[in-house]
Amino acid sequence: MSGTKFFHAEESSRLGLRWALGLLLLFPYLIWLAEVREWNWPPVHEWMPYVVYASFQALLSAGLACVAGFLMFQGLQSWHRRGWAEAALLFPNIIPPLFLVMALFAVVTPWAAFPYGLSAVIVAHVILNSGLVAVALDRLLQAKLGGMTETAWLLGVRPWVFWRRVAWPQLRGDLACIFLFVFSLCFTSFSIPLLLSGERSVTLEVAIFDIIRTEGRWDKAVLLAAFQSTALLVLAWLLPRPFWPQRSSRASLRLLEQPSLSVLVLLPAALLVTGWGLGVGASLAEGIEPFVRENLPSALLLSAALGLSVGVLHLILFLAVAYVLPHNRLDRFLNGYLAPSPAITGFGLLLLPVNGVIADFIKLVLALTLISFPLLYRWIVHSALASLQNQIVIARSLGASWSAILFKVVWPQAGASCLRACGLAAVWACGDFALSGLLLGENVSVPMLMNDLLGNYRFEQAALLLIPLVLLSLAVYFFFVRAARYVVG
Amino acid sequence: MSLVENMVRQYDGFRLEIPRWEIPDQGITALCGPSGAGKTTVFRMLIGLEDCPGLKWSFQGEDLAQLPVPERRLGVVFQSLELFPHMTAEENILFAAEARRLSQDESRDRLQALAQDLRMSSYLKRKAAVLSGGEAQRVALARAVITRPLFLFLDEPFSSLDAELRSEARALVKRVIEKFQFPTLLITHDEEDLQAMANTVVRLKDGRLL
């Protein structure tokens, strides 16, 4: 093929890929638009209580997570081993929600009946998100006020004066952004409220799930989902600044340290590890039941297949995005696009008239990917790709083809971030029970077995399954972070 | 004289080692060296932004290295200046005075004197974010010296200025330092800075003083 023809073919394939990516991400909405025939907007009294209650829950969860995160941030400044401290803070965020719920059960149930309901959901959300707030604050201060914090320290400024006179006037928009980000996480949370909220739905996601399952009102569910997406889009447009700046050179934030709070940094991770220890300890004493022993090998196999497939699909999508970027409109779409609700995605794919074991598995892989891809792109991959824009322009001006740019410029530098994101997607897929339950129906994966055991009050048996599930999650994560790098180059 | 001892730091295959260094307690001492020589590390360890466990820095009968950073009473002008952009030039300078709990009258008197010495009167009420490079540099110097620090540190203070402004800035800074007689450590790699300002020159190469 001559040079000109090759470049034309490349441009056409990039255009096609951009459209394909956009349509794939919008796929769940498109199915609903095509399949739901009658649309009836439910009366306000039918949906408003859900919105009010979900907002109340999210406000409390986000507010408390921000307060706890602020305290942890001050404790974090006393840590010399920063990498470890940050990993401990982010640990609750990167594990599947089921792991967190298991730990809470293990810590609480020996002493009291588990307090299902709003308070349990809020506590879980605070444990889940406070470390994220602490690390986000650290990155924000480092990136925007690192030098000023050092200067203020040298000038003898007291910490609260610095917060009030220097940090607050300059960062209030970013702080609001962090709060709203956590708010949106708590507002759209699915697995945790599904397990912990008891009788009353505390998020719209769970309400949507219940409405379809118990009332069969698909139109009402979609309209609630549309309301939720619109609300989140409005939030995103109100505060479009990225709250997660790249780590720049490390300035000293010791002015803001509070050594007495340093132990808080370990609290969420310690709670989780203690919970698992307690749960597994109790279950080992009891031994494995035949039901669990019989189902475990096939469940492990399916969970592994699910994790690896979701990770590979993420990898393909990240490669596709890296190939078609830079492109302003697609970049804006990917950064502004909110993943559809898990219930909408799951039920949407159920509407597809293709069924069977393989088809259901593929639907599940697709559903899990459509839900985690937008978040992982924004959280991990976008900044890695954005930092290479100038290099791409230079390579292009030197006459390099897009595929050469992808494999010789972009991938060697952004590949590690992409694979880390794939590893996380795989871990989340391994730990999924909610969408798996919806699309596969039976107890065929390890988390589904655990969920079933929890539902039957056989906590010890469920806790026992944590061991293989944690090992499996670690294996798939390191597969992507280490092994896949050699495969992809 | 102030005496620095046991300054040792190892990172990424680079070793900085200054067993003993006498810094004059008057005039301007310039620490110069090529990029990667370790100048910034020396600067950050002396002002306390980086830890150096065995470091001793004896000055006027005290070991400054043992004092908490705010109590060392050092004046610092960073290369990036680090003005608070939402405050005016005047607020930036008075913020430092307030942090050291100077009385309002004294702060005002010192501000006026500095404004005259550094020719800042015309832009004191302007936000730091809109100051030119030369103006911002003077404000940073005024903020560093309004509290009469024990020791003044200047980290590549003229590197962001163009050639014309640089010679004027050097003269202004030198005049202020001579007027108040601050012992000063100037970190630079610019030979012209050395010629125009330094009373003593110390050269650093590969982590060692020559």
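Taken together, the values in this text are just the output of simple stated rules run on the coordinates, not laboratory data. Bear in mind the structure is a predicted one, so any value in this text is a computation, not a measurement. All Cβ positions, glycine included, derive from the backbone under ideal geometry; neighbour counts span all protein chains shown.
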Subject >> nm² value of the averaged projected area, convex hull over the Cα atoms of the protein assembly as shown >> reply: 37.6
Original post:
Which peptide among B:158-164, A:344-350, B:177-183 comes first, and what is the full order, when sorted by highest mean count of other Cβ atoms within 10 Å?
Top reply: A:344-350, B:177-183, B:158-164
Subject >> Per-residue mean of C-beta atoms belonging to partner chains within 10 Å, peptide A:141-154 >> reply: 5
Original post:
Which Rg and Dmax, in Å, describe the Cα atoms of the range A:368-425?
Top reply: 12.7, 40
Original post:
How big is the Kirkwood radius of the range B:129-206, worked out from every pair of different alpha carbons and given in Å to one decimal?
Top reply: 13.2
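Please sort B:94-107, A:123-136 by packing, taking for each peptide the average over its residues of neighbouring beta carbons within 10 angstrom, highest first.
A:123-136, B:94-107
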Original post:
Beyond 13 Å, what percent of the Cα pairs of the range B:85-148 remain?
Top reply: 54
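Inside 10 Å of the C-beta atoms of B:74-82, what's the mean count of C-beta atoms belonging to other chains?
Averaged over the peptide's residues, the number is 4.
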Original post:
Within the protein assembly as shown, how many lysine pairs that are 8 or more places apart, or on different chains, have C-alpha atoms less than 27 Å apart?
Top reply: 14
Subject >> Dipole axis of the protein assembly as shown (+1 Lys, Arg; -1 Asp, Glu on Cβ), positive-most option in B:Y123, A:S229, A:W163 >> reply: B:Y123
Original post:
By the gyration tensor of its Cα atoms, with a ≥ b ≥ c the square roots of the eigenvalues, what is the shape of the range A:38-284: rounded for a/c under 1.5, prolate for a/b over b/c, or oblate?
Top reply: oblate
Original post:
Within the protein assembly as shown, what percent of beta bridges assigned by DSSP are antiparallel, to the nearest 5?
Top reply: 50
Original post:
Which of A:Q391, A:V263, A:V280 sits closest to the plus end of the dipole of the range A:260-391, meaning its Cα is farthest towards the positive end, when Lys and Arg get +1 and Asp and Glu get -1 on the C-beta?
Top reply: A:Q391
**OP:** Return the whole-Å distance between the Cα centroid of the range A:70-117 and the Cα centroid of the range A:438-460.
**Re:** 23
Subject >> Ordering of A:425-435, A:293-303, B:146-156 by packing [mean C-beta count within 10 Å, highest first] >> reply: A:425-435, B:146-156, A:293-303
Original post:
Within chain A, which DSSP H helices have Cα atoms that stretch 15 Å or more along the helix axis and a mean Kyte-Doolittle hydropathy of at least 0.0?
Top reply: A:3-35, A:44-76, A:82-94, A:97-108, A:118-155, A:168-187, A:218-238, A:267-286, A:290-324, A:357-376, A:411-430, A:466-478
Subject >> the range B:35-127: radius of gyration over Cα atoms, expressed as a fraction of 2.2 N^0.38 Å >> reply: 1.33
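Expressed in nm², what is the orientationally averaged projection area of the convex hull enclosing the Cα positions of chain B?
11.5
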**OP:** With +1 on each Lys and Arg Cβ and -1 on each Asp and Glu Cβ, and nothing else charged, work out how big the dipole of the protein assembly as shown is about its Cα centre, in Debye to the nearest 20.
**Re:** 1140
Subject >> Cβ neighbours within 10 Å from other chains - mean over A:155-166 >> reply: 5
